Amino acid sequence: MLLSDEITALPGIGPSLSAKFISLGIKNISDLINYYPRRYEDYSSVSSINKLRPGNVSIKAEIKQTSGRYVRRRMHITEAIASDETGSVRLVWFNQPYRAKSLKSNTPYFISGNYELSRTRFSIMNPAVEMESDFPANTARILAIYRETKGLDSRQIRLAIKKLFPLIDTLDESLPDWILNKNDLISRSEAIKEIHMPSSSSSLEKAKRRLGFEEVFQLILAALFNKDENQREKSVPIKFNEKLAKEFVNHLPFKLTDGQRVTVWQTYKDMQKNEPMNRLIEGDVGSGKTVVAAMAALMVLKAAKQAALMAPTELLARQHAQTIHTLLKPLGYEDRILLLVGSMNAQQKKKAHEAIESGKAGFIIGTQSLIQEKVNMKNLALTIIDEQHRFGVEQRKSLMAKAGHMPHVLTLTATPIPRSLALTLYGEMDVSLLKQMPAGRQQINTKLVSPNERERLFVAIDKQLEDGQQMFVVCPSISESETLDINSAEKIYALYKDKYFKHRRVGLLHGKLKTIEKNKVMEDFLDRRLDIIVATTVIEVGVDIPNASIMLIQNPERFGLAQLHQLRGRVGRGEHQGHCYLMLDDSSAPSKRLRALISSQDGFRLSELDLELRGPGAIYGTVQHGSLDLRLAKLTDTRLIMEAKKSAVEFMNKEENLLRYKELALNVSRLRAVTNLN
Ligand code: ADP
Ligand code: MG
C-alpha cells in the first residue's frame, strides 16, 4: 500500500464508505494517517463487574444469552449478559442487529461503553466489543475521538487506521537524528501511532510534543530560509544624514518617545547596509508609527530615491498624505510627496503615473493603486506597508516588485504580536516595538451597557455631543440579515437619526459605499459637519480624528478581542476623555473576551489572550492562515517554541542539506510561500 493510494485500497472500504471518508477530507491513505483526533476518552482502566461505576467503563468478560428483537418499527434492540468472576452486567445495543450473531460464547472479550441507568437497570450501552487476543482498537484503552460524519464514527476510523500500522512503521523519519536526541523526541512513526492509539497518557503526551515540535520547527525553519535568502539580496544602501534627522525632530510639535527614537535609529542602521532591511514596527494604536515611517522615508528622499507607502484604505492613505505633508514641509520636501488612490480621475492618475515614472514624486502614498501595472517607479528603494495584517502576501510582494530589485521593507502593524508568533510566523523579520504611548495619552473608559441602561447613557452622550464632541458607532454588518439577529449599520443609522439622536447630524459609513461617498462622510466628520458616524469596521484601521471621543460598539460579542481593542483606539486621542461603550443585547453574563477588554488596555496582553481564545488565524488576519493553524503545537507554548527555534537555528548553521529530509523539505517549501514576506 502507498500513501497516495485511495482510501478504497483499504480492505472493507467500498464506494459508499469511502464517500463518507471523502466528506471528512480524507481522500487517500496519507490523509487518513494525518487525520488527527480532536480529543480522547479514557477507557484504559479495566474494572471488575462488581466495581462498575456510572460513566465510561471497560470490562473483561464472557458474553452469554444474546438476543435481538424489534421493539418498534425501526427500533431494534440487542441485549446480552456479560460475566466475569465477580458478577454480570447487561449489554444493550440499539439498531445493531448484526451484534447477536457476531458474539461467541466462552471467549474473553474487552467491552467498553457507557455504564448507565436504562429504564430500571444499569447497563453498558452500545459498547464496543473486541476479542482480548486481538490488539484492541476500540476497547480498554485511551480512545481517540475524531470528527465524525453520519455513517462514519470514530470506531470505524480507528479500525481503518489500525490496518495502517504496518505502513506507519515504514514511514521515513522527518527530523534529523541529532534533533530527536537533543530534544528527547520519539520517532515519527511511533508518534503517529500513539496519536491515534495511545498506549498510555504519558506516551500520548510524548507523541503530541513530538508532532507539535515538528510543526513549529518547520514554521521557524521556513522563516529562517526566507530570511537567509532575503539577506543574500542586494539593495540600495541609504546614507544616514544626522543633520537632517535632527532638523526633522526639531520641527516636530512633540518629543519622540524612547521607542520611536530607538526604532528610527534601527531603521537608519538597517538601510545603510546593502542587504535589504526587513523590519516590522509593532506599536499599539496611537503609538506613533507614522512619524517613524516618515523619518525613514526622509533619508530616502535625501538620497534622491523613492519611497512608497501602501495603506489598506483610501481614507487612511489620504490621512497619511496629509500628515506626512505637514511633517516634511518644514524641510522643503513637500513637493515630492504624491498621493495615488483609486478615486482620482483618469487625468489625475495619468499625471501621478508620470511623476512616479520620472522620479519627480519621491514619496508616493496610496492604496493598492500603487501596485497596478501602470505604475512604474523610477528608483524605489523603500516600501512601507501600513497595517500589514490587512494585506495578503501577494499584494506586499507586488509592491516590492516595483523596485526591480529587493527594496528595504518597513512593515507597520498595530496588532501586537505575541512573542511566540514573532518567533515563528514573523521569524524572518527584525522587530521594533513601540511600547510607550506618547505622553498625555489617557486610558479609555470602557463600559458594558445592558439594555436597561441604554436610554440613560444616550442622554449622557447627548450632553457630550452638545459640547461639540463626536461619536463613532460600530456595527457588525451593513444591512439586516434574515438569519442573524444583529444590529446592522443601516438599522442603527435609521434608529439613531430618527429616534435617539434626532436633533444631531448622523452619517453612515460602510464598505459598500462608493469611495467618493466614503471620503465625503469622513471629511464631514473631520470638519465637524457630522456629530455621529454609524459605521462598520471600515473605521477600524488607523483613522485619526482627535475630536472623536466616544466609541459605541453594537453586538461586541461578534468582534475579536484584538479588533475591539483597535476600535477602542480610535477615540481618546484628543483633549477629551475617551469612552468606549459595549452595547449588550441582553443581560446574560459577558464573555471572557469582553471582560478582558474592560480590565486591560494593554494591547500585548489582549493579543496573547486572543491567541489563546481564537487561535493564530484570527490574529494573523487575511494571509492564508489556514495552512498555519497548528494542529498539535500551541502557540502559547513558549518553551516548545524556544526549543524548536534553537534547533532550527542550529540546522541553518550546520548547513544541513534540507533535501535529505523529504517530508521536511516539502513542508518547509510550502510554508515558505505562506509565511510572511518574500
Ligand atoms: P499609529 O501608531 O496608530 O499609526 P499615528 O502615527 O497615527 O499612530 O499617531 C497617532 C497620533 O499621535 C498622531 O496624531 C501623531 O501626530 C501623534 N504622535 C505621534 N508621536 C507622538 C509623540 N511622540 N508625542 C505626542 N504625539 C505623538
Ligand atoms: Mg497608523
If you filter region 368-471 for GluC sites (Glu not before Pro), then keep DSSP loop positions with at most 10 other Cβ within 10 Å, what is left? Glu373
What length, rounded to one decimal in nm, is gained on full extension from Asp134 through to Ser450, with 0.36 nm per residue of separation minus their alpha-carbon distance? 107.8 nm
7 Å from Cα along Cα→Cβ at both His405 and Glu173: what's the point-to-point distance in nm? 4.4 nm
Output ³J(HN,Hα) for region 497-505: one whole-Hz value per residue in order, computed from phi by the Karplus curve 6.51 cos²θ - 1.76 cosθ + 1.60 with θ = phi - 60°, and x for Gly and Pro. 5, 9, 10, 5, 10, 3, 8, 10, 8
Check Leu509: other-chain or 5+ apart residues with amide H under 5 Å from its amide H, H built from backbone geometry? Val534, Ala535, Thr536
Excluding Gln266 itself, calculate the net charge of residues whose Cβ lies under 9 Å from the Cβ of Gln266, where each Lys or Arg counts +1 and each Asp or Glu counts -1. 0
Tell me the trypsin sites (Lys or Arg not before Pro) within region 462-523 that lie in a loop according to DSSP and have at most 12 other beta-carbon atoms within 10 Å. Lys502, Lys512, Lys514
Once normalised by the length of region 12-73, the mean sequence separation of its alpha carbon contacts under 8 Å that are 6 or more apart gives a contact order in percent of 18 percent
Distance in nm between pseudo-label sites at Ile145 and Phe165 (7 Å out along the Cβ direction from Cα): 2.4 nm
Gained length - Val393 relative to Phe254, 0.36 nm times residue gap less alpha-carbon distance: 46.5 nm
To the nearest 10 degrees, how steeply does helix 242-251 sit against the main Cα axis of the chain, on a 0 to 90 scale? 80 degrees
Reachable lysines from Lys255, criterion Cα separation under 30 angstrom, eight or more residues apart if same chain: Lys239, Lys243, Lys246, Lys269, Lys273, Lys289, Lys302, Lys305, Lys329, Lys435
Can you give the net charge of the other residues whose Cβ lies under 13 Å from the Cβ of Tyr35, counting K and R as +1 and D and E as -1? +4
Cα centroid separation - region 114-186 against region 200-216, whole Å: 16 Å
In degrees, nearest 10, range 0 to 90: what is the angle between the Cα axis of helix 603-614 and the longest Cα principal axis of the chain? 30 degrees
Classify region 445-600 as rounded, prolate or oblate from the Cα gyration tensor: take a ≥ b ≥ c as the square roots of its eigenvalues, call it rounded if a/c is under 1.5, otherwise prolate when a/b beats b/c and oblate if not. rounded
Region 456-485 and region 340-372: distance between their alpha carbon centers, rounded to Å: 37 Å
Evaluate the relative contact order of the chain (contact order divided by residue number), counting alpha-carbon pairs under 8 angstrom at least 6 apart; express in whole percent. 13 percent
Net charge near Leu280, counting Lys/Arg +1 and Asp/Glu -1 over other residues with Cβ under 11 Å of its Cβ? -1
Rounded to two decimal places and with Rh computed the Kirkwood way over Cα pairs, what is Rg over Rh for region 45-140? 0.94
Can you list the residues, at least 5 places off or on another chain, whose amide H is less than 5 Å from the amide H of Ser432, using H built in the peptide plane? Leu280, Ile281, Glu282
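Using a Förster distance of 22 angstrom, determine the FRET efficiency expected from the C-beta separation of Ser4 and Arg631, and round it to 0.05.
0.55
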With everything on Cα atoms, drop me the angle between helix 201-232 and the longest principal axis of the chain, reported from 0 to 90° to the nearest 10. 30 degrees
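Hey, what did region 45-140 get for relative contact order, percent, Cα under 8 Å, at least 6 apart?
So the answer I get is 28 percent.
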What length, rounded to one decimal in nm, is gained on full extension from Arg119 through to Asp184, with 0.36 nm per residue of separation minus their alpha-carbon distance? 18.2 nm
Which of the chymotrypsin sites (Phe, Trp or Tyr not before Pro) found in region 55-120 are in a DSSP loop and have at most 13 neighbouring Cβ atoms, other than their own, within 10 Å? Tyr98
Straight-line reach from Lys101: which lysines fall under 18 Å, measuring Cα to Cα and dropping same-chain residues less than 8 apart? Lys64
Report, ordered by chain and residue number, the aspartates and glutamates lying within cross-link reach of Lys208, taken as a straight Cα distance under 14 Å and ignoring same-chain residues fewer than 8 apart. Asp184, Glu190, Glu194, Asp637
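Every read-out reported here was derived from the displayed coordinates using simple, explicitly stated rules and does not represent laboratory data. All of these numbers come straight from a predicted model, not from anything done at the bench. Quick reminder, even Gly has a Cβ in these numbers, built from the backbone with ideal geometry, and neighbours come from all protein chains shown.
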